[in-house]
Amino acid sequence: MYKISYPYNPSALTKKLILKLILSEELKKKFGFDTFKGNQEAIINNVLAGKDTFVLMPTGGGKSLCYQLPAQLLDGLAIVVSPLIALMKNQVDAIRTFSEFASIAHFLNSSLKKDQIEEVKADVLSGKTKLLYVAPESLAKEENVEFLRNIKISLYAIDEAHCISEWGHDFRPEYRNIKTIIERLGSNIPIVALTATATPKVQEDILKNLGMLEANVFKSSFNRPNLYYEVRPKTKNVDADIIRFVKQNSKKSGIIYCLSRKKVEDLAQTLQVNGISAVPYHAGLDAKTRAKHQDMFLMEEVDVVVATIAFGMGIDKPDVRSVIHWMLPSSPEEYFQEAGRAGRDGKKSFAVALVDKRDPMLIRRRINEEFPSREFLSDVYDQLTSYLGVGMGEGFLRTFLVDIERFIKLNKLSPIYTMSAIRLLDIAGVWEYRDKEDQHSRLLFTIDREALYNNASLSPASDTLIQFLLRRYTGIFTEYVFIEEDTIARALNCSVEEVYLMLVDLSRSNVVHYVPRSSLPKLFLLTRREEGRHLLISQEVYEVRRERLAERIEAIIAYAAASDTCRSQQLLRYFGEEESEPCGMCDVCLSHRNKRPSSSMSLSQAVVLLQEEAEALIPKGKALPLVSWREQSRVPSSLFFEALQQLLAKGRVILDGDSCRIP
């Protein structure tokens, strides 16, 4: 809880005003803003009071500030759980921009070398660090749990909290362990859960799984009034249509989402050939190229990024003017999140979805792609464990590097179906699969010191190498340590290749266990190998999740197909905002406006039509603003108010201020 020392005993109102003044000053000092947005101040006050807080706020609403400012005011370290390394880095860089000291914020994940990890821990121990960003799997590591148990923690912030819910579109099993780890680190510490995409069911699941049923909920409307939603049919020259749209918005930032890497590359090249500064972005590019293209976009060296969904989360670029979907994603949640990256500065922006009549069939195909048959899951399990050389009854708690591309090619498998099977078996608790990371080389001595000193078979070069390792790396007899072959080579005045060969030789001699540097995915077996047909995969993991995906897919298909309901209203109702009003500017609203009958309509016809509109547009027990009704009405302007007067006189509608309701 945040405490202020007062020189006297002020009244409750005075205390409130003093806190308000302090927060305004800190907001300006630490973030450069003059005023809070929306619910930010109320949320921050709740966090400072030591209460659990659940924040639902649309993309661009300023969620991060809701925990970043309290973290810098409270005594202790704020632990921020975040799902992506890139997202952590962007957040940390942004915080450091407004601080004299880089140590104010750090991230702790698998991308760091041992000396970098030690530097982070030293800053945390000294009290210099106020925010520590961690991935859930990093938080779960026993060494990190033991370290953090000795640190005073001010709050926990769970970013992208929808990842905890199996009902959500982006469920991540490791998020389910967060509450257990928090309990180990210490109780009575406030939790802040934040998300920009959560249906009512997902909201309930988040609160339940984090043990936050008594949390104060701050729900901002997901409405984005500056976004112009549009669904456009694809023509035979769809790429030409995109080029025309981009050129009409020349020198304005835009993102174009495609589903496949090939389409990303092809479209980016097409745009470049047509004089548009564009770059591709997808997971198939190496890390340096992805970082370069992202920075070019952020620094406005290029106007357009053509990307898969690998791009966008945590990207702090408020002036993106358009987001185009070459094809719809698998759910309203994904679409809302991706489209919401446009117009975060509140200025007019476009969210355009391109569709054709084949799309429903193609989108529904994703159900089988993401949930291949149970028989296929069993086959992949048998083939992959055999490929890794795991015998029956073996493999429990062992880690393997997997050349997944070679495995798929060798067994003539479908890449899409195979990766889905691997992820489903991860969710089922059969193994943990970690996609490509830049894994640093690791080393562990497999014999004790006495046996090492008595080993007479070591060559002089190997003996020199071992002496260096013992001086350089502590704890190397009890746990794996990260090593850098180039550092060792410089110290021993030899080549990196020579160091590698010596370490391989020591590993073959069972003196050490050497895991060379690799960017291959890792597979951590959680069970002993058995026959695939005996695997226990629950209905919750398979059938229930498959059904939920099908429901989300039908919802996004319905969104694209609707011609009578405002696009914004459709999305808001999906997220539980039943009382939302038509936006008046999406393609559906504009088409209704353009379809108004001619002024040859008689007054009696106008009265009948207005009565029908009242029954259709005004929610039962609610009121509809006259401005909104007028925007959508098919009654000509010359007759609207005269017809309305007749309805009022007959008592069919009631005027309530500047709104109308049905009695």
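Just one of the numbered conditions (1) open to solvent by 10 Å² or more (accessible area, probe 1.4 Å); (2) under 27 Å from Glu479 (Cα atoms); (3) among the β-branched types (Val, Ile, Thr) is not true of Val145: (1).
Given the criteria without any contact (Cβ under 8 Å) to a residue 60 or more places away in the chain and in contact with a Lys or Arg (Cβ under 6 Å, 6 or more places away or on another chain), does Gly211 qualify? Against the criterion (without any contact (Cβ under 8 Å) to a residue 60 or more places away in the chain and in contact with a Lys or Arg (Cβ under 6 Å, 6 or more places away or on another chain)), Gly211 qualifies. When the residues of segment 105-123 are filtered to those that are in contact with a Ser or Thr (Cβ under 9 Å, 6 or more places away or on another chain) and in contact (Cβ under 8 Å) with a residue 24 or more places away in the chain, the one that is surrounded by the fewest Cβ atoms within 10 Å (Cβ to Cβ) is Ser110.
Out of all the residues in segment 371-392, is one or more touching a Leu at 6+ places or on another chain (Cβ under 9 Å) and under 30 Å from Gln91 (Cα atoms)? No, there is no match, as no residue in segment 371-392 is touching a Leu at 6+ places or on another chain (Cβ under 9 Å) and under 30 Å from Gln91 (Cα atoms).
Residues in segment 345-367 that are surrounded by 13 or more Cβ atoms within 10 Å (Cβ to Cβ), more than 24 Å from the chain's Cα centre (by Cα) and part of a helix (DSSP H, G or I): Asp359, Pro360. Please determine whether any residue of segment 26-40 is modelled with pLDDT of 90 or more, of a type in the set (Asp, Glu) and under 23 Å from Val92 (Cα atoms). No, every residue in segment 26-40 fails to be modelled with pLDDT of 90 or more, of a type in the set (Asp, Glu) and under 23 Å from Val92 (Cα atoms). Kindly indicate the residue of segment 265-289 that is in contact with an Asp or Glu (Cβ under 6 Å, 6 or more places away or on another chain) and not in a loop (DSSP other than H, G, I, E, B) and also surrounded by the fewest Cβ atoms within 10 Å (Cβ to Cβ) among those meeting that condition. Filtering first and then ranking leaves Thr270. Of the residues making up segment 62-93, those that are touching a strand residue (DSSP E or B) at 6+ places or on another chain (Cβ under 9 Å) and small (Gly, Ala, Ser) are Ser64, Ala71, Gly76, Ala78, Ser82. Taking the numbered list (1) outside any helix (DSSP H, G or I); (2) in contact with a helix residue (DSSP H, G or I) (Cβ under 7 Å, 6 or more places away or on another chain); (3) surrounded by fewer than 20 Cβ atoms within 10 Å (Cβ to Cβ) in turn, Ser250 passes all entries but (2).
A Cβ distance below 9 Å, combined with a sequence gap of six or more or placement on separate chains, defines the contacts here; from segment 77-96, residues that are closer than 22 Å to Arg434 by Cβ reach residues that are among the small types (Gly, Ala, Ser) and assigned to a helix (DSSP H, G or I) in the pairs Val80/Ala71; Val81/Ala161; Ala86/Ala291; Val92/Ala102.
Conditions (1) modelled with pLDDT of 95 or more; (2) in contact with a helix residue (DSSP H, G or I) (Cβ under 9 Å, 6 or more places away or on another chain), marked per residue:
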{"residue": "Phe336", "(1), (2)": "no, yes"}
{"residue": "Gly340", "(1), (2)": "no, no"}
{"residue": "Gly343", "(1), (2)": "no, no"}
{"residue": "Val352", "(1), (2)": "yes, yes"}
{"residue": "Lys357", "(1), (2)": "no, no"}
{"residue": "Ile363", "(1), (2)": "no, yes"}
{"residue": "Arg366", "(1), (2)": "no, yes"}
{"residue": "Phe371", "(1), (2)": "yes, yes"}
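Residue check: Glu333 meets all listed conditions (1) surrounded by fewer than 24 Cβ atoms within 10 Å (Cβ to Cβ); (2) acidic (Asp, Glu); (3) closer than 19 Å to Thr197 by Cβ but one, namely (1).
The values are calculated or read from the model by the stated rules, or taken from the named source; none is laboratory data. What you see is a predicted model, and the numbers here were worked out from it, not measured in a lab. Using ideal geometry, Cβ is built from the backbone for each residue, glycine included, and neighbour counts are taken over all protein chains shown. Side chains included, ligands, DNA and RNA excluded: accessible areas come from the protein's heavy atoms. Shrake-Rupley method; radii C 1.70, N 1.55, O 1.52, S 1.80 Å.
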